[in-house]
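Beneath this line is the structure, given in structure tokens, with notes to follow.
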Amino acid sequence: MTDITAIYNGKKISQIPEDLFIPPEYLRIILEEFEGPMDLLLYLIKKQNIDITDLPIFPITEQYMRYISIMEEMHFELASDYLVMASTLTEIKSKLLLPTEAEDEEEDDPRANLIKRLLEYQKYKNASEKLETLPRNFRDFYVVSNAVDSKESKIIETPDIKIDQLKVAFLEVLKRAEIFSTHNIQSETLSVRERMSLILSVLKKGDNVQFEKLFNLEEGRLGVIVTFLAILELVKESLIDIIQNESMSRVYIGLKS
């Protein structure tokens with residue numbers, strides 16, 4: 001017999017005190033745990049290796065009632081489902097004990113409904129046990145994740161030029177465009193986005209371009225304004241640079257280095 005060691009108030013106790021009294025009913029242990037009356041019935045059937053489809057109701061009922069009595073003796077609170085199943089088994093047992101007449105032989109087996117419920121319960125129980133064996137996140141493994149911002153913070157650099165000087169340069173181009181205002185020029189609707197693409201294609205050909213050279217004065221006031229807006233939008237998107245070597249000198253436009 002294996003010695004049992006316990007610790008009480010910091011002291012090891014290997015022998016049960018002689019004056020210790022434990023009521024006998026509290027020394028009884030039930031190792032099986034059941035999730036309900038159907039689970040208990042299925043356990044009893046498997047324990048006896050019984051075919052569910054040919055359920056012997058008499059021994060199963062006796063064993064079920066024996067478990068119920070043990071639970072009551074141990075002061076377990078029985079759910080109403082267990083008691084309902086006990087009455088169901090008793091009813092089926094009483095029906096099977098009644099003598100059958102010739103004309104009643106074709107009636108349904110009193111066990112049929114219970115057998116159907118047991119088979120269905122067994123199917124779902126087996127499925128749940130298979131699911132339980134599958135690896136589960138936060139139980140069998142943990143997924144390591146780390147949010148990393150792959151996009152670098154985009155810093156927009158302000159052009160090294162005063163806005164007033166850019167405004168003066170634009171007004172000079174606008175005055176030149178007024179020369180063509182008397183001409184009746186039919187032009188299609190201009191797009192800022194298309195003009196941005198056009199300016200980028202011009203800048204890709206070579207060196208920096210003089211600010212005034214990007215404007216087509218024959219397009220009139222509308223064309224000049226669209227080009228100017230396109231330049232401002234390209235600066236905002238950090239695609240081009242506005243360059244001026246010294247104060248009041250010529251303004252150049254170049255690709256962002």
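The values are calculated or read from the model by the stated rules, or taken from the named source; none is laboratory data. The structure displayed is predicted, hence computed values, not measured ones. Cβ coordinates were reconstructed from backbone atoms using ideal geometry, including for glycine residues, and neighbour counts include every protein chain displayed.
Quick look at the values:
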| read-out | value |
| --- | --- |
| Residues being among the aromatic types (Phe, Trp, Tyr) and in a loop (DSSP other than H, G, I, E, B) - total across segment 196-252 | 1 |
| Every residue from segment 228-255 that is charged (D, E, K, R) and in contact with a strand residue (DSSP E or B) (Cβ under 7 Å, 6 or more places away or on another chain) | Asp241, Arg250 |
| Restricting segment 213-242 to residues that are surrounded by fewer than 19 Cβ atoms within 10 Å (Cβ to Cβ) and among the small types (Gly, Ala, Ser), the residue that is farthest from Arg176 (Cα to Cα) | Ser238 |
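Yes/no per residue for (1) under 30 Å from Tyr43 (Cβ atoms); (2) at pLDDT 75 or above; (3) outside the structural domain of Met38 (by TED's automatic domain parsing):
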| residue | (1), (2), (3) |
| --- | --- |
| Glu103 | no, no, yes |
| Lys116 | yes, yes, no |
| Glu120 | yes, yes, no |
| Ala127 | yes, yes, no |
| Asp140 | yes, yes, yes |
| Ser153 | no, no, yes |
| Leu171 | no, yes, yes |
